[in-house]
Amino acid sequence: MTVTHLELANTVERIYRRFADLLRVDLIRLGKDDISPAQVALLFTIGEDELSVRDLLDRGHYMGSNASYNLKQLVDSGYVERQVMARDRRSARIKLTAKGHELCEALHEFHEEYHDALTNNLEDQREMETALRTLRRLEEFWTQTLRYGGIPINGAVITHEVRNRR
């Protein structure tokens, strides 16, 4: 059986939806009803860092208005602290509050349990590492294709015009 590019993309999307469902269940287990799985993803992206909003958008590949709405909700709920820059009031730095750190730590504990259940032996661990490398390779391919407007082949980018002349 040949795996197609589209099948990989659809699988990645379904996996992310299942992951969001899992986060939703974890949040219920923790008694948290003031935060969504998408907002948790923002917390994980911020992590231990203090970032500009632009850095957050670049790091997490979020859409601007969606991320802005979720960041406002996170600030209002006390998970994120937003500090406006003195020299440019339009710019802000963000970081997790103690509440945000506590939630991330609790979720990390759940996910360590999931990881342990999924990787029972060395072969399982190797399969997970292979899956991660493959997904990162796919991400890099899509990034290069978007960035240069063509298909990267052996280090070179073949644009649609060149390919159509073949």
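The values are calculated or read from the model by the stated rules, or taken from the named source; none is laboratory data. Worth saying up front: this structure is predicted, and the values here are computed from it rather than measured. Positions of Cβ are generated from backbone atoms using ideal geometry, with glycine treated the same way; all protein chains shown enter the neighbour counts.
Conditions tested, residue by residue: (1) over 24 Å from residue 132 (Cα atoms); (2) assigned to a helix (DSSP H, G or I).
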| site | (1), (2) |
| --- | --- |
| 1 | no, no |
| 11 | no, yes |
| 18 | no, yes |
| 23 | no, yes |
| 32 | yes, no |
| 38 | no, yes |
| 71 | yes, yes |
| 76 | yes, yes |
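Looking only at the stretch 115-152, which residues are of a type in the set (Ser, Thr, Tyr) and surrounded by 13 or more Cβ atoms within 10 Å (Cβ to Cβ)?
119, 145, 148
Of all residues in the stretch 81-110, count the ones that are assigned to a helix (DSSP H, G or I) and without any contact (Cβ under 8 Å) to a residue 24 or more places away in the chain.
Counting residues in the stretch 81-110 that are assigned to a helix (DSSP H, G or I) and without any contact (Cβ under 8 Å) to a residue 24 or more places away in the chain gives 7.
When residue 138 is evaluated against the numbered criteria (1) touching a Leu at 6+ places or on another chain (Cβ under 8 Å); (2) modelled with pLDDT under 95; (3) part of a strand (DSSP E or B), which criterion, by number, is the only one it fails?
Checking residue 138 against (1) touching a Leu at 6+ places or on another chain (Cβ under 8 Å); (2) modelled with pLDDT under 95; (3) part of a strand (DSSP E or B), the one that fails is (3).
Out of (1) closer than 30 Å to residue 147 by Cβ; (2) without any contact (Cβ under 8 Å) to a residue 12 or more places away in the chain, the odd one out for residue 60 is which?
Condition not satisfied by residue 60: (2).
Restricting to the stretch 67-92, and then to whatever is touching a strand residue (DSSP E or B) at 6+ places or on another chain (Cβ under 7 Å) and among the charged types (D, E, K, R), can you tell me which residue is surrounded by the most Cβ atoms within 10 Å (Cβ to Cβ)?
By that ranking, first place goes to 81.
I'm told residue 138 meets every condition in (1) in contact (Cβ under 8 Å) with a residue 60 or more places away in the chain; (2) under 23 Å from residue 39 (Cβ atoms) except one. Can you identify the failing condition by its number?
(2)
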